[in-house]
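The next block holds one structure in the form of structure tokens; read it before the comments.
Any read-out appearing in this document is the output of simple, stated calculations on the displayed coordinates, not a laboratory observation. If you're wondering where the values come from, they're calculated on a predicted model, not measured in any experiment. Here the Cβ positions follow ideal geometry from the backbone for every residue, glycine too, while neighbour counts run over all protein chains shown.
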Amino acid sequence: MIQNAISVVVGLILGLFTLIVSVIAVIEEAARRGLVALGIPHQVQTALLALLLLLLVVGSFRLFGRLFGVLIGVVLIALLLHALFAPETTAVAF
């Protein structure tokens, strides 16, 4: 039962991470196309897109940081409970 709960929480963490990365990729591609349409040189595009990526990553952790923390905390508590109440099982399968 605890292994199922751990699997669900890990699945939520991975799903949320995948969603965030997908949205960042879509925004980055739209920004790249916009910069190409404006005729901005490649080196300047790279610098601007790196700055945009940094801002998007920081923004996503500010928006979802607590949720990641809660989900990771739930996984750790579930692992602790599993270790306490099922000591004969040595590994947890994710």
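On the basis of the beta-carbon distance and an R0 of 25 Å, GLU28 and ARG66 show a calculated FRET efficiency of 0.50. Its residues counted as N, segment 1-64 yields a C-alpha radius of gyration over 2.2 N^0.38 Å of 1.55.
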